[in-house]
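Reviewing the structure listed below.
Where a number appears in this text, it was derived from the coordinates with a stated rule and is not lab data. The model shown is predicted, which means the values in this text are computed figures rather than measured ones. Heads up, the Cβs are rebuilt from the backbone with ideal geometry, glycines too, and the neighbour counts pull from every protein chain shown.
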Amino acid sequence: MRYSHRLVFLATLISGLVASPAAATSLQALSLGELVENAQQIIVGEVLTSQSHYDERGQIVTDHEVRVIDVWSGQPLSSVLVRSLGGSVGEVGMRVPGSASLRTGERYLLFLRSISPNRPMRCVGMSQGAMPVQGSAQSAQVLPGGAGAHLVQRNPQGQLIAAPSALLHAESLPRLRRRIQRLSSP
């Protein structure tokens, strides 16, 4: 009798561990300079559409059509396709904590990089490279990126410790643009 109780407890414990989703993905924190350095395109854009599907590896991804409002760095574009991990296809869903979660109708400051030519762009550092923009053009504020991610860095002893995001607080769009221009100047 005691053996069967232990077996049930152990099976419940194991199934709970396997079935429990992770609350966040640990990512190496990127500074604003590292976001700028690793981005091929830096844009302010509005998400027009989002379409989830299976990619060539069988993972669910979501492609977001983004209307470019302003190009801060990179090639002039009118729109760009941005891919993020996760989404829903039929009754199957996949959530990837730390992946850029872009919402239709919302504006973002995006730090983008292409993995290969003729492929959708991806956000540098996952959600770190997708910073929400709120407010009107005159008073627009950029919010810190990194939603759903546990940002970490190594201390001098080599241990992983919590780290701040590239933006510590909301910042005006014009002020942040000036900072990024200084960082991208040779």
Helical mean residue ellipticity (222 nm; -39500 (n - 2.57) per DSSP H run of 4+; nearest 500) of the chain: -6000 deg cm²/dmol
Mind pulling the per residue volume of the convex hull built on the Cα atoms of the stretch 22-69? Å³ is fine. 151 Å³
Taking other Cβ within 10 Å of each residue's Cβ, how do S165, S50, S185 sort, fewest first? S185, S50, S165
Per 5 angstrom bin, beginning at 0 and ending with the bin that holds the maximum distance, the Cα pairs of the chain fall in percents of 1, 8, 14, 18, 17, 14, 9, 6, 4, 3, 2, 2, 1, 0, 0
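Under the rule that an exposed site lies in a DSSP loop and has at most 13 other Cβ atoms within 10 Å, name the longest stretch of the chain with no trypsin sites (Lys or Arg not before Pro) of that kind, not counting the sites themselves.
Working: sites that count: R57, R103.
Counting only loop sites that pass the neighbour cut-off, the longest clear stretch is 104-186.
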